[in-house]
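Remarks on the structure that follows.
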Amino acid sequence: MTELVATTRRLDGDVDLLDELADEPLHFARNGVGLAGTGVALRVPLADAGAAFASVTVDDEVGLPGCGPVGFVAVPFDPAGAAELVVPASIVGRADDGTRWRTTIARAGPGDAVRPGGPIDDGPEPSQFEVLPGRSPEEWCAAVAEATRRIGKGVLDKVVLAREIIVRTDRPIAPVPVLRRLRAGYPDCFLFCIDGFVGASPELLVGRHGDIVRAHPMAGTTARRGDAQADARAAAALLASSTYRHEHQVTIDMVHDTLLPFCSYLDDEPEPSVVALANVAHLATRVEGRLSHPPASVLDLVAALHPTPAVCGRPRDAALALIAELEGFDRGRYAGAVGWVDHAGNGQFAVAIRCAQLADDGARLYAGNGIVAGSDPTAELAETRAKLQAMLGALIRP
């Protein structure tokens, strides 16, 4: 592996991370805080991340998480699936306190820097769209009914079933305009882009900054209608629902119990809160603690947590088997984990929901629901439609 030098320098002026994106854009940010990458200095299997970072000499005058060489990662839903670490040739970062920096990667010794991508030419946006379900709503509802029957027989407690929607276009969909529209509509979500996989996730799977670990798991959803009184009633009903509260607590317990062996201290909020987005609201609970020394890499924490009951079900193995039997498509990166890791093991990963995989002829997007005893297929179908509005609105411009 060629030895590289990563040089990080402070930036005096403010930055808009989306303005920094060029060809081969890589992005992970929330509320303007995060990282934007351009070009590719290294692309290796995720299992080789340690060796890849070790091959890079670090010259860093800023010293914050996300400085030096950083790899962007989209872990697939299938825990056995392959993932790659993509280290950009140029990275711009912005921290919570407003600190800004740029990292450039060059070959060691004489020679030019690893060339970043050129300026983006988004070209004309698509003007023709065709939206098709991967399978008919009736077939998906039948799968939900079968899952509910299996749950009633005690095969498992919960399974998350997803729908795939296919968008066909007359021109490719450019990722940066999609990110801009998602930022406008969902500013509090984690905006991400890696290899044409774009989205706006509300859920932090896990983050590690130094020895501090944080997670913000979500489980339990209700649609929002844009009417203040109706939305307030729906949020109150979500908080009062024993079914949703139980579903949520199972996820919180799993996240807490999984992270605890890595920690000297870990705690979570005593009561969940409602996180309201433009189209849906979720039950959510913050988990925070301090990692034991030496602190585990964020990649180790991701591997331990993924997939959570919120995107898979419980027991995990039974849920994975039922998803493979009933869902009818390969999730790919949907419901996986997407984020970044730096050379010191710091990083942030979101649960890869509210997302789409772009392609030359359009995109594929996804939405899933947790199915439990007594789930109503028609209501579950309506909930997936509410979740799909986030990405459909960002992809399709009338």
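The values are calculated or read from the model by the stated rules, or taken from the named source; none is laboratory data. No experiment lies behind these values; they were computed from the predicted model shown. Neighbour counts run over all protein chains shown; Cβ positions are idealised from the backbone, glycine included.
Within the bounds of the range 210-219, is there any residue that is modelled with pLDDT of 95 or more, surrounded by fewer than 24 Cβ atoms within 10 Å (Cβ to Cβ), hydrophobic (A, V, I, L, M, F, W, C) and part of a strand (DSSP E or B)?
Yes, that holds for at least one residue.
Of Val92, Val86, which residue is buried (at least 17 other Cβ atoms within 10 Å of the Cβ) and under 19 Å from the mean Cα position of the chain (by Cα)?
Residue meeting the stated conditions: Val86.
For the list (1) in a loop (DSSP other than H, G, I, E, B); (2) farther than 21 Å from Arg183 by Cα, I need the number of the one condition that Arg225 fails.
(2)
Looking at the range 60-73, I want the residues that are assigned to a loop (DSSP other than H, G, I, E, B) and have a partner that is among the polar types (S, T, N, Q) with Cβ atoms under 6 Å, at least 6 apart or on another chain. Which pairs are those?
Pairs found: Val62/Thr8; Pro65/Asn346; Cys67/Thr8; Gly68/Thr8.
Count, please, the residues in the range 224-241 that happen to be at pLDDT below 80 and either farther than 20 Å from Gly185 by Cα or touching a helix residue (DSSP H, G or I) at 6+ places or on another chain (Cβ under 8 Å) (or both).
2
What's the number of the condition Asp78 fails, among (1) at pLDDT 95 or above; (2) assigned to a loop (DSSP other than H, G, I, E, B)?
Checking Asp78 against (1) at pLDDT 95 or above; (2) assigned to a loop (DSSP other than H, G, I, E, B), the one that fails is (1).
Of everything in the range 339-359, what is among the polar types (S, T, N, Q) and either buried (at least 24 other Cβ atoms within 10 Å of the Cβ) or without any contact (Cβ under 8 Å) to a residue 60 or more places away in the chain (or both)? Give them in sequence order.
Gln348
From the set of residues in the range 368-384 that are aliphatic (A, V, I, L, M) and farther than 20 Å from Ala356 by Cβ, which is farthest from the chain's Cα centre (by Cα)?
Ranking the qualifying residues of the range 368-384, first place goes to Ala373.
Could you check Phe77 against (1) buried (at least 23 other Cβ atoms within 10 Å of the Cβ); (2) within 25 Å of Leu18 (Cβ to Cβ) and say which number it fails?
Every condition holds for Phe77 apart from (2).
Could we say that Tyr265 is loosely packed, with under 13 Cβ neighbours inside 10 Å and among the aromatic types (Phe, Trp, Tyr) here?
yes
Quick check on my filter: what residues within the range 159-208 are under 22 Å from Val40 (Cα atoms) and among the aliphatic types (A, V, I, L, M)?
Answer for the range 159-208, where residues must be under 22 Å from Val40 (Cα atoms) and among the aliphatic types (A, V, I, L, M): Ile173, Ala174, Val176, Val178, Leu179, Leu191, Ile194, Val198.
Counting only residues that are assigned by TED's automatic domain parsing to the domain that holds Thr308 and surrounded by fewer than 22 Cβ atoms within 10 Å (Cβ to Cβ), give me the strands (runs of 3 or more DSSP E) lying completely in the range 135-203 with at least 3 of them.
Hits in the range 135-203: 158-169.
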